[in-house]
Amino acid sequence: MSERVQGLMAAADRLDVDGFVGHFSADADFHNPIGMVLRGREEIRALHEKLYSPHPPPGFPSFASARATGRVQSVRMVGANVAVVDWAWTQHGGTVDGVEWPDRRGTNTTVWRRDEGGEWRVVVWRDKDFPAGFEPPPGYGA
């Protein structure tokens, strides 16, 4: 399972739309930090083609020059064919209309399901940004 998660994060860091989207089930749902809700692989693909482009539509973010890191925090099996995975992430270098965004960090929760062919695929994606300047209280990791 951890290899699949690492593969998903690596595809995102390479800006590999096919590799990234290939980790999702056809019926996946995807919620990003600004509240967009996408249904199915094709909607997820359409968003990421724009995000990964060096020339997205005006006002749309570009991650073409961004670099991200991810660290798996937990993998919890909730059945023989279902797992919940949490990871922390950082991103540097995203832009909007050529202006660099501040560095970002947050957490992601995905639900993975083993399909009929034995492949693990994301069926649920929930991404959360921490507000600028956020620091967890002492003793509480984020």
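The values are calculated or read from the model by the stated rules, or taken from the named source; none is laboratory data. Predicted model only: the values in this text are computed from it and were never measured. Here Cβ is always computed from backbone atoms with ideal geometry, including for glycine, and neighbour counts include all displayed protein chains. Each accessible area value is taken on the protein alone, full model and side chains, heavy atoms only, with ligands, DNA and RNA left out. Shrake-Rupley method; radii C 1.70, N 1.55, O 1.52, S 1.80 Å.
Tabulated data for the structure shown
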{"quantity": "Residue in the stretch 101-124 that is of a type in the set (Asp, Glu), touching a residue at least 24 places away in the same chain (Cβ under 8 Å) and closer than 21 Å to MET36 by Cα present", "calculated": "no"}
{"quantity": "Filter result (surrounded by 15 or more Cβ atoms within 10 Å (Cβ to Cβ) and touching a residue at least 60 places away in the same chain (Cβ under 8 Å)) within the stretch 6-43", "calculated": "LEU8, MET9, HIS23, PHE24, SER25, ALA28, ASP29, PHE30, HIS31, ASN32"}
{"quantity": "Leading residue by the ranking (nearest to the chain's Cα centre (by Cα)) among those in the stretch 20-46 that are at pLDDT below 95 and at negative phi", "calculated": "ASN32"}
{"quantity": "Count of the stretch 47-94 residues which are closer than 17 Å to ASP127 by Cβ, among the β-branched types (Val, Ile, Thr) and open to solvent by 30 Å² or more (accessible area, probe 1.4 Å)", "calculated": "4"}
{"quantity": "Sole residue being farther than 21 Å from VAL5 by Cα, touching a helix residue (DSSP H, G or I) at 6+ places or on another chain (Cβ under 7 Å), touching a residue at least 12 places away in the same chain (Cβ under 8 Å) and not charged (D, E, K, R), chosen from PRO61, PRO56", "calculated": "PRO61"}
